[in-house]
Amino acid sequence: MTTGQSLIIDTDPGQDDAVAILLALASPEIHLLGITAVAGNVPLALTEVNVRKVCDLAGRTDIPVFAGLDRPLVRPLITAEHVHGKTGLDGPDLPDPQTPLQDQHAVDFMIETLRREPAGSVTIAPVGPLSNVAMAMQMAPDIIPRIKQIVLMGGAYFEVGNITPAAEFNIHVDPHAAAVVFASGVPITMMPLDVTHKALTSTDRVAALRNIGNRTGAAIADMLEFFERFDEAKYGSDGAPLHDPCTIAWLIDPKMFVGRHCNVEIETSSELTMGMTVIDWWRVTNRPENALVMGDLDADRFFALITERLARLP
Ligand code: RIB
Ligand code: CA
């Protein structure tokens, strides 16, 4: 008898994606139905391999892993090797994956799963571009009311953009997909840069992960020491924002986050602001509040959860 929230993680690993996947795998509050890979930080051919390497690291070669879209719905793919390295998972030297890649397409897996599982029981946690999720909604609109909620990492408002002056990477890569998801009516919890930039991987926090003493802690510490160099140089901070695990941490312990329901619209016309998330934080419009937007978190509690849970893995 499995317990925990039924979850599909949609991801483009990415060192921070890897921590999100491992946190989910280590947490009894989560029943991971499958992981779907999408093109983003690096091309799909690498993100699907990286998902499987992370499952191997957790000793979970049983997890169903699926490959999805290799490009955005409309725009050309933009990748982020400058942040994540050429493999997308630079840092540790992980062996070729043993976890198999399923033959089924990720979008078909999402549709089939949502049609099979009880309506309103499945959460989707997208932590990369929203291409797979939007495609599933467009191919099978009947699944939309069956999705319990979407808890996504993406967007920005007060923190402005990280890949352009106006837009955050996940939304900028596939703004048309994001527009579909935010207009879908599915309950959305959004982790924008405004909150993830308060979850910094300080030297002490990475040391605590390495000091767990297991292979997972060592590999994640190596990943984060690679991953953080870019943001430290860019922002002059000690450490880098640990974006994607915010979604999983919220599912486990929502009280560590603070936010408000807002209207969120996506820029899909102007090249200057393409992929900008226009968040009506001060409610100056009457536009519908389509997302719970997080603005703050208890970072010590966040890293304590991650450290405690990763210690449960090999
Ligand atoms: O902008 C941060 C997001 O883009 C994170 O999900 C990171 O993994 C990259 O995909
Ligand atoms: Ca990601």
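The values are calculated or read from the model by the stated rules, or taken from the named source; none is laboratory data. Please read all numbers here as calculations on a predicted model, not as lab measurements. Note: ideal-geometry Cβ built from the backbone for every residue, glycine included; neighbour counts use all protein chains shown. Keep in mind that these areas ignore ligands, DNA and RNA; they rest on the heavy atoms of the full protein, side chains included. Shrake-Rupley method; radii C 1.70, N 1.55, O 1.52, S 1.80 Å.
Look at the Cα gyration tensor of the range 1-114: its axes a ≥ b ≥ c give a/c of at least 1.5 with a/b at or below b/c, and that counts as oblate. Here the range 1-152 is treated with +1 on each Lys and Arg Cβ and -1 on each Asp and Glu Cβ, and its dipole about the Cα centre works out to around 360 debye. Applying both filters, DSSP loop and at most 16 other Cβ atoms within 10 Å, to the chymotrypsin sites (Phe, Trp or Tyr not before Pro) of the range 187-282 gives 281, 282. Averaging 1/r over each pair of different alpha-carbon atoms in the chain and inverting the result gives 19.0 Å, the Kirkwood hydrodynamic radius.
For trypsin sites (Lys or Arg not before Pro), the sites in the range 16-101 that DSSP calls loop and that have at most 16 other Cβ atoms within 10 Å are 86. Taking 244, 174, 300 as the candidate residues, the one with maximal mean-square fluctuation in a Gaussian network model of the chain, Cα springs under 10 Å, is 300. Across the range 154-169, coupling constants 3J(HN,Hα) worked out from phi with the 6.51/-1.76/1.60 Karplus curve, θ = phi - 60°, read x, x, 5, 9, 5, 7, 6, x, 10, 9, 9, x, 10, 10, 7, 4 Hz, and Gly and Pro carry x.
The range 281-305 and the range 196-213 have Cα centres separated by 23 Å.
May I ask for log10 I(q)/I(0) of the range 39-80 at q = 0.15, 0.23, 0.26, 0.33 Å⁻¹, from a Debye sum over the Cα atoms as equal point scatterers with solvent left out? Listed by q, the Debye log ratios stand at -0.41, -0.75, -0.85, -1.10. Amide hydrogen proximity for residue 122: with H placed 1.01 Å from N in the peptide plane, the residues at 5 or more positions away or on another chain lying under 5 Å are 148.
Between 224, 46, 272, the GNM of the chain built on Cα springs shorter than 10 angstrom shows 272 fluctuating the most.
Residues whose amide H lies under 5 Å from that of residue 99, counting only those 5 or more places away or on a different chain, are 56; hydrogens are built 1.01 Å from N in the peptide plane.
Cα centroid separation, the range 47-97 to the range 237-260: 21 Å. Accessible surface area normalised per residue over the range 192-293 is 44 Å², counting heavy atoms of protein chains with a 1.4 Å rolling probe.
Relative to the globular-protein estimate of 2.2 N^0.38 Å, the Cα radius of gyration of the range 129-261 stands at 1.17. In the chain, the DSSP beta bridges split such that about 30 percent are antiparallel, to the nearest 5. Remark: relative contact order (the chain) = 20 percent; criterion is Cα-Cα distance under 8 angstrom and separation of 6 or more residues. Restricting to DSSP loop positions (anything but H, G, I, E, B) with no more than 15 other Cβ atoms inside 10 Å of their own Cβ, which GluC sites (Glu not before Pro) remain in the range 271-310? Within the range 271-310, the qualifying GluC sites (Glu not before Pro) (loop, at most 15 other Cβ atoms within 10 Å) are 271, 289. For the range 18-65, the spread of Cα coordinates along the three principal axes comes to 31, 17, 16 Å, biggest extent given first.
Taking θ as phi - 60° and the Karplus parameters 6.51, -1.76 and 1.60, the scalar couplings of the range 194-203 work out to 4, 9, 5, 6, 9, 10, 8, 7, 5, 4 Hz in sequence order, x denoting glycine and proline.
In this structure, the amide hydrogen of residue 291, modeled 1.01 Å from its nitrogen in the peptide plane, lies closer than 5 angstrom to those of 262, 264, counting only residues at least 5 positions away or on a different chain.
In the range 213-299, the inverse of the mean reciprocal separation of distinct Cα atoms equals 16.0 Å; this is its Kirkwood hydrodynamic radius. Element breakdown for the chain at a 1.4 angstrom probe: carbon and sulfur atoms account for 54% of the accessible area.
In the range 110-167, one over the average inverse separation of all distinct C-alpha pairs is 12.7 Å, which is the Kirkwood hydrodynamic radius. Residue by residue, the range 301-307 carries 3J(HN,Hα) couplings of 5, 4, 6, 5, 4, 4, 5 Hz when phi is fed to the Karplus relation 6.51 cos²θ - 1.76 cosθ + 1.60 (θ = phi - 60°); x denotes Gly or Pro. What does the net charge come to around residue 311 if you take all other residues with beta carbon closer than 12 Å to its beta carbon, with K and R at +1 and D and E at -1? For residues surrounding residue 311, the net value is +3. Tally Lys and Arg at +1 and Asp and Glu at -1 over the other residues with C-beta under 9 Å from the C-beta of residue 237: what net charge comes out? Summing Lys/Arg as +1 and Asp/Glu as -1 gives -3.
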